[in-house]
Amino acid sequence: MTSVRRSFVVVIVAALASGAVACKGAGGGGGKAGGSAAPVAGQERGDCRPDRSCDPGLTCLSNLCVRPPPADCAKVADALGPIFLDNYTPREERDRFAADVRRECESASFTREDGECLSRAKTRQDINACPHPIGLGDCKKITKAADELRLKSGVDAYLVTPADRLIERCKSEVPTRAFELCVLAATSMDALERCAW
């Protein structure tokens, strides 16, 4: 082999070797393009955690955290309107209610299954039976607030007060979130009695 040809071969081999090193370095050592690391377990497109859980809004399928199809939040809002609002509710209030439901549904990343459950609901009890209820009050908070108000009012322990009736209703009915907010804001028995269930 002539010295010119030998030099040419050495140059080619050196170029190939340096290119291989450069490619290996560009992949972050793991063979991934662009040097991006694999997603952390539990995050979108990452492995599921050992308990098969993922971040909120994601579900574990084939040991991979993926985002399931989203709920049709407009359909959910349309379905819940008749449950929370009566026939005489003004259009502006209906629109505001629908916008609030859509916003809550979207921010909570409800799945298609969540949305279908809520869309099928005919009563507040049906909503409460869904995996992720919406628009409902928390009976524990309501009971605690009513109990504290009753004690603060200093009424006779043997008298049945609006607070007692309210606490009793909470055991069998599902209050709205608007009712919960009204109870939490009440500073007297009269104010408590004015809260619309």
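Values for this structure:
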| quantity | calculated |
| --- | --- |
| Conditions (1) in a helix (DSSP H, G or I); (2) of a type in the set (A, V, I, L, M, F, W, C); (3) closer than 27 Å to A74 by Cα: number failed by A191 | (3) |
| Residue within region 107-125 that is free of Cβ contacts under 8 Å to residues at least 12 places away in the same chain, surrounded by 12 or more Cβ atoms within 10 Å (Cβ to Cβ) and either of a type in the set (A, V, I, L, M) or not assigned by TED's automatic domain parsing to the domain that holds L80 (or both) present | no |
| Residue match in region 152-171 (condition: under 30 Å from P70 (Cβ atoms), surrounded by 15 or more Cβ atoms within 10 Å (Cβ to Cβ), in contact with a helix residue (DSSP H, G or I) (Cβ under 9 Å, 6 or more places away or on another chain) and of a type in the set (A, V, I, L, M)) | no |
| Residue that is farthest from D126 (Cα to Cα), among those in region 163-188 that are within 27 Å of the chain's Cα centre (by Cα), among the hydrophobic types (A, V, I, L, M, F, W, C) and not in a loop (DSSP other than H, G, I, E, B) | A185 |
| Failed condition for K140, given (1) modelled with pLDDT under 95; (2) over 23 Å from A191 (Cβ atoms) | (2) |
| Qualifying residues in region 52-66 (those that are assigned to a loop (DSSP other than H, G, I, E, B) and within 9 Å of G42 (Cβ to Cβ)) - the one modelled with the lowest pLDDT | L58 |
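The values are calculated or read from the model by the stated rules, or taken from the named source; none is laboratory data. The structure presented is a predicted model; accordingly, all values stated were derived computationally and were not measured. Note that we place each Cβ from the backbone using ideal geometry, even for glycine, and neighbour counts take in every protein chain shown.
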